[in-house]
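Structure record follows, encoded as structure tokens.
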Amino acid sequence: MEETKERFEKTAKEYDDRIIKIIPSYNDMIEALTNSIPFSENKDINILDLGCGTGAITAKIKEKFPNSHVTCLDLAENMIEIAKFKLKKYDNIEFIIGDFSNFDFKDKYDVVVSSLAIHHIETKKGKKELFEKIFSSLKDGGAFYNADVVLGSTDFSTHINNEVWKNNLKKNFNEKEVKELVSNQDKVDIPSKLIDQLKWFEEIGFKDTDVTWKYYGHAVYGGRK
Ligand SMILES: C[S@@+](CC[C@H](N)C(=O)[O-])C[C@H]1O[C@@H](n2cnc3c(N)ncnc32)[C@H](O)[C@@H]1O
């Protein structure tokens with residue numbers, strides 16, 4: 001976790017410019033995440049954004065659900081500082097610096113969202129335990145949606161996902177930069193198979209489990225309580 005924190009503390013300033021080059025489908029993905037929230041737009045809903053980073057998801061949520069109350073949680077102080085600046089025109093946003101794996105989920109939420117963060121948890125057990133805590137923190141009828149890096153069900157599909165990602169990187173970075181990005185990714189990016197995570201959701205008790213968007217190794221998936 002220290003390595004993940006260090007990476008995002010260091011890269012916070014460039015994050016917004018870089019993420020759309022590293023993941024060219026980023027904007028489609030976060031739009032799909034926001035569109036997956038199964039509540040009417042003017043409802044007053046309580047939302048938790050896990051690994052909020054520089055606040056892109058919360059900004060989209062506040063545009064679509066202006067009456068929502070959002071709690072933004074992130075490990076990296078520098079990411080939270082940028083999120084605070086970018087989100088200052090919205091009200092009812094709370095910021096917490098902390099690790100979601102140790103977070104005390106004492107409040108109840110209508111919606112929990114996360115984007116590109118949960119794949120940093122090293123073990124399958126750690127990810128499943130977080131999903132269990134999220135489930136417990138949801139109100140009945142509440143929803144959890146995650147936008148994240150995922151592995152394919154077979155080595156072949158994972159290979160294709162990686163090849164497409166690397167080819168897309170080549171459009172925005174030179175050969176040396178692509179190599180660096182690929183090797184850095186191996187250090188703190190530990191995605192799990194999408195199919196396994198969907199099974200965990202069902203085992204935990206999520207209903208209406210679904211994949212609402214997918215482009216090779218990135219997907220938006222979740223369910224309701
Ligand atoms: C790739 S960024 C994604 C940021 C934002 N959600 C987005 O989609 O642009 C991952 C973020 O997750 C945060 N993060 C990673 N592991 C975390 C943890 N265990 N607890 C809280 N935040 C975490 C990092 O600090 C970083 O800001």
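Read the figures in this text as sums done on the coordinates, not as results from a lab. Keep in mind that this is a model prediction, so the values were computed, not measured. With ideal geometry, Cβ positions are generated from the backbone for all residues, glycine too; neighbour counts draw on all protein chains shown.
Could you say whether any residue in the stretch 168-177 is in contact (Cβ under 8 Å) with a residue 40 or more places away in the chain and touching a strand residue (DSSP E or B) at 6+ places or on another chain (Cβ under 8 Å)? Scanning the stretch 168-177 turns up no residue that is in contact (Cβ under 8 Å) with a residue 40 or more places away in the chain and touching a strand residue (DSSP E or B) at 6+ places or on another chain (Cβ under 8 Å).
Elements of the type helices (runs of 4 or more DSSP H) sitting completely within the stretch 106-225 and holding at least 1 residues that are among the small types (Gly, Ala, Ser) and over 17 Å from the mean Cα position of the chain (by Cα): these cover 124-137, 155-172, 175-188. Scanning the stretch 173-190 for residues that are in contact with a His (Cβ under 7 Å, 6 or more places away or on another chain) and not acidic (Asp, Glu) yields Val188, Ile190. Given (1) aliphatic (A, V, I, L, M); (2) touching a helix residue (DSSP H, G or I) at 6+ places or on another chain (Cβ under 8 Å); (3) in contact (Cβ under 8 Å) with a residue 60 or more places away in the chain, identify the lone condition not met by Val70. So Val70 meets the others, but not (3).
Of Gly141, Gly223, Gly217, all but one fail to be touching a Ser or Thr at 6+ places or on another chain (Cβ under 6 Å) and of a type in the set (Gly, Ala, Ser); the exception is Gly223.
Checking each residue in the stretch 55-78 for being assigned to a loop (DSSP other than H, G, I, E, B), over 19 Å from Phe103 (Cα atoms) and not small (Gly, Ala, Ser) picks out Phe65, Pro66, Asn67. Only one of the numbered conditions (1) farther than 21 Å from Gly142 by Cβ; (2) assigned to a loop (DSSP other than H, G, I, E, B) is not met by Glu81, and that is (2). Considering only residues in the stretch 1-59 that are touching a helix residue (DSSP H, G or I) at 6+ places or on another chain (Cβ under 6 Å), within 10 Å of the ligand (Cβ to nearest atom) and polar (S, T, N, Q), the one that is nearest to Ser115 (Cα to Cα) turns out to be Thr54. Count of the stretch 87-105 residues, restricted to those that are in a strand (DSSP E or B) and surrounded by fewer than 22 Cβ atoms within 10 Å (Cβ to Cβ), is 4. If the condition is being within 9 Å of the ligand (Cβ to nearest atom) and among the acidic types (Asp, Glu), then the stretch 60-76 contributes only Asp74. Just name the residue that is farthest from Val188 (Cα to Cα) out of those in the stretch 93-145 that are touching a His at 6+ places or on another chain (Cβ under 9 Å) and within 12 Å of the ligand (Cβ to nearest atom). Among them, the one singled out is Lys127. Contact map, the stretch 199-216: residues that are crowded, with 16+ Cβ neighbours inside 10 Å paired with residues that are assigned to a helix (DSSP H, G or I) and among the aromatic types (Phe, Trp, Tyr), Cβ distance under 6 Å, separation 6+ or inter-chain. Pairs shown: Trp200/Phe131; Ile204/Phe131; Ile204/Phe135; Thr209/Phe201.
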